[in-house]
Amino acid sequence: MSAVAEERGARAPWALTAPALMLFVGVLLIPLAMTVMLSFHDWGQYKGIEPVFILKNWREIATDPYYAEMFWRTFRIAILTTLLAALLGAPEAYILNRMSGRWKSFFLLVILGPLLISVVARTLGWALLFGGNNGLVNKLLMSLGVIRFPIPFMFTETGMVVALAHVMMPFMVLSVWAALQRLDPQIENAAMSLGAGPVTIIRRIIMPQIMPGVLSGAIIVFSLSASAFATPAIIGGRRLKVAATLAYDEFLNTLNWPLGAAVATLLLVALVLIVVGSNALIERRYAEVFR
């Protein structure tokens, strides 16, 4: 009886994880495999999709400068969005961490509140604020004397970076805020009592402690920005395409599904390599922090 009980106990974890594993395979792995296989098929305007194994789509992406520029634009926008989110999100998380309990809960709700609103709705709000040369943003900047002439935000990379940074800001704030929970406030007080200035405290005490959170948030923001669709489609329009909007157009406008699958697959592979490599470097550099 003991052997039977042990055998049942060994099978129990597999039985419990089988439904989730089947869902993972059916919802994620199989569609990804079908997308990769589709990228090697042929397509013609009159013949449609032909299930043959060719490298035509990959060769077109590798040789056409248009796709190189499009992918470079995608990652350039993602990098700028990540930098802007880090510059604004890290101080915001530090201020949030120093607040008292009542105010901390309120402003944490303010930070997380936008996540309850659709990305499309938030991006449309930015489109209304940008509104061409007579938009509210340009009017405010010119009234404050920051700029003398209107800045084009719609259908530009600048507008896409600003809108994406707003959409991705909560992820950066939460990552840095979680890292700040490890920081003992008494360390800052001890440094001040020993004569350290605010700049020294930030540079020598706070920054080394929150850097893992900043880098972790940067990975999240970068990957979500590079694969974003709604914000680039609304702010960038059809004239300023990124990888996600190009794949969408190939699938639903030109109906060239194999080429769209190749673009989507290349974007996925690039993001996986970047995220895995960055995560390995972070864990190696800050191994003591993650223990």
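The values are calculated or read from the model by the stated rules, or taken from the named source; none is laboratory data. Note that the structure is a prediction, hence the values are computed from the model and not measured. Methodologically, a virtual Cβ is constructed for each residue, glycine included, from the backbone with ideal geometry; neighbour enumeration extends over all protein chains shown. SASA here: full protein model, heavy atoms, side chains in, ligands and nucleic acids out. Shrake-Rupley method; radii C 1.70, N 1.55, O 1.52, S 1.80 Å.
Given the criterion closer than 23 Å to L266 by Cα, of a type in the set (A, V, I, L, M) and free of Cβ contacts under 8 Å to residues at least 60 places away in the same chain, identify the matching residue among L28, L21.
Values: L21 fails: closer than 23 Å to L266 by Cα.
Exactly one residue qualifies, and that residue is L28.
Let's see how each residue does on (1) of a type outside the set (G, A, S); (2) loosely packed, with under 11 Cβ neighbours inside 10 Å; (3) part of a helix (DSSP H, G or I):
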site: W14; (1), (2), (3): yes, yes, yes
site: A20; (1), (2), (3): no, yes, yes
site: V27; (1), (2), (3): yes, yes, yes
site: I30; (1), (2), (3): yes, no, yes
site: A33; (1), (2), (3): no, no, yes
site: V36; (1), (2), (3): yes, no, yes
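Can you list the helices (runs of 4 or more DSSP H) found entirely within segment 167-281 that contain at least 1 residues being at pLDDT below 85 and surrounded by 16 or more Cβ atoms within 10 Å (Cβ to Cβ)?
Working: elements: 185-193, 198-201, 207-226, 243-252.
Correct list: 185-193, 198-201, 207-226.
When residues of segment 55-98 are filtered for being part of a helix (DSSP H, G or I), open to solvent by 80 Å² or more (accessible area, probe 1.4 Å) and farther than 23 Å from A226 by Cα, how many remain?
Residues meeting the conditions: 3.
What is the number of the single condition among (1) at pLDDT 85 or above; (2) closer than 22 Å to T254 by Cβ; (3) surrounded by 12 or more Cβ atoms within 10 Å (Cβ to Cβ) that I49 does not meet?
(1)
Looking at segment 118-165 only, could you name the residues that are of a type in the set (S, T, N, Q) and over 25 Å from the mean Cα position of the chain (by Cα)? Before the answer, list the steps.
First pass over segment 118-165, keeping only residues of a type in the set (S, T, N, Q): 118, 123, 133-134, 138, 143, 156, 158.
The answer is N133, N134, N138, S143.
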